[in-house]
Each structure stands twice: as C-alpha cells, then as structure tokens.
Amino acid sequence: MARREARLAKIEAAMRRLEAEAQAEADAERKRRFEAEAERQRSGKKRQGKAPNEVDETPADKAQMSFTDPELHIMQTNNKGWDYCGNAQASVDGAYQIIVACDVTDATNDKQQAAPMGQAILETLKQAEIAPRRNASGEVQAIPATLDSGYDSEAATQALEA
C-alpha cells in the first residue's frame, strides 16, 4: 500500500510540473503575441489572416515527464526508438586534448549548440586569462573549429570570431 501511495505522489508531482511547464509556455506565448501586436500598432500594419486561438494553459494529452530526472526530454535514439535523454556537447583542445567547455542540453538537434559552445569556449579562455591569438599585424585570429556534421558551422565560426 505504501508503494502505491508513493507512486501516486510521484505521478501527482510530475503532473504539477507538466502543468507548470504548460503555464510558463502559455505565458511566453502571450508575451510574444503582445509584443507582436505592439509592433503592429507602432508600424501601423493590420493583422493578416484570422485571429489566433486562445492560448491553452493545460498540458497536452500526450505530455510526458521522466520521474527520475524531470530535466530530460524524450528524444529519438539510433538503436531503440525513443528514450529520455540529454544531448552532451564537448569542446576539446586539439593540441593537448583538454576539455575546454562542455554542456548537456535537452535539445535534440546539435545545430543550435554550436554558438553557445563557442561562447563557452571564449568564457573559459577569459576565466583562465588566456589572451586571444593575434597575427603579425596585431589582429585577433579566429579560433579554428572542427565540428561534426550535426553542427551549424557558420554559427560556430561567428561565435568564435566574436
């Protein structure tokens, strides 16, 4: 009986987290709509198309959450379909094989992770008080990046050149 009650308590806690996430998403959507409407008012443009539906504050019927780690989301895996996962990113120094920056995200796609990793590298170098490399004329040189095929190379290059 105690195990059943503990399980029900976990399910109720997960449901409260799903409801809180849905509420936060609804608030963000309302804010985005308000800002878009304010921009339309400033520019004098009229709304095109039909009026948007009311923002739904309830979790989707198929919304799910991991009981063991609520930060993980369901992602497609290579070998067994779908599972709760995190997407790990690491940046390693090519000469000395030292991890310079790392992160675990809930994003399923690596393309959006290139720029944040570039910024994390720059922050690590700044904290270590390592000055950026400069060429003969004194200009800061871009940090060379080798990325796997999942990254957005252009975003990473821009982040590392900043």
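The values are calculated or read from the model by the stated rules, or taken from the named source; none is laboratory data. This one's a predicted model, so the numbers in the text were calculated from it and none came from an experiment. Heads up, the Cβs are rebuilt from the backbone with ideal geometry, glycines too, and the neighbour counts pull from every protein chain shown. SASA here: full protein model, heavy atoms, side chains in, ligands and nucleic acids out. Shrake-Rupley method; radii C 1.70, N 1.55, O 1.52, S 1.80 Å.
Things worth noting here:
- For the chain, the 222 nm mean residue ellipticity estimated from helices alone, with every DSSP H stretch of n ≥ 4 adding -39500 (n - 2.57) and the total spread over all residues, rounds to -14000 deg cm²/dmol.
- Computed Rg/Rh of the chain, alpha carbon atoms with Kirkwood Rh: 1.10
- Where the chain is the region considered: accessible area per residue in Å², 1.4 Å probe: 80
- Relative to the longest principal axis of the Cα atoms of the chain, the long axis of helix 2-43 lies at roughly 70 degrees.
- The simple Förster model, with R0 at 22 Å and r as the Cβ-Cβ distance, assigns Ala14 and Trp82 a FRET efficiency of 0.80.
- A full extension of the chain between Ala26 and Lys126 corresponds to an added length of 32.2 nm, given 0.36 nm per residue minus the alpha carbon distance.
- Phi-derived couplings, Karplus 6.51 cos²θ - 1.76 cosθ + 1.60 at θ = phi - 60°, listed residue by residue for segment 47-59: 5, 9, x, 7, 5, x, 5, 5, 6, 8, 9, 9, x Hz, with x used for Gly and Pro.
- Qualifying lysines (Cα of each under 21 Å from Cα of Lys31; at least 8 residues distant if same chain): Lys45, Lys46, Lys50
- Amide H contacts of His73 (H built 1.01 Å from N, under 5 Å, at least 5 apart or other chain): Cys85
- Other residues whose C-beta falls under 11 angstrom from the C-beta of Ala120 contribute a net charge of -1, scoring Lys and Arg +1 and Asp and Glu -1.
- Segment 53-107 shape via C-alpha gyration tensor axes, a/c threshold 1.5: prolate
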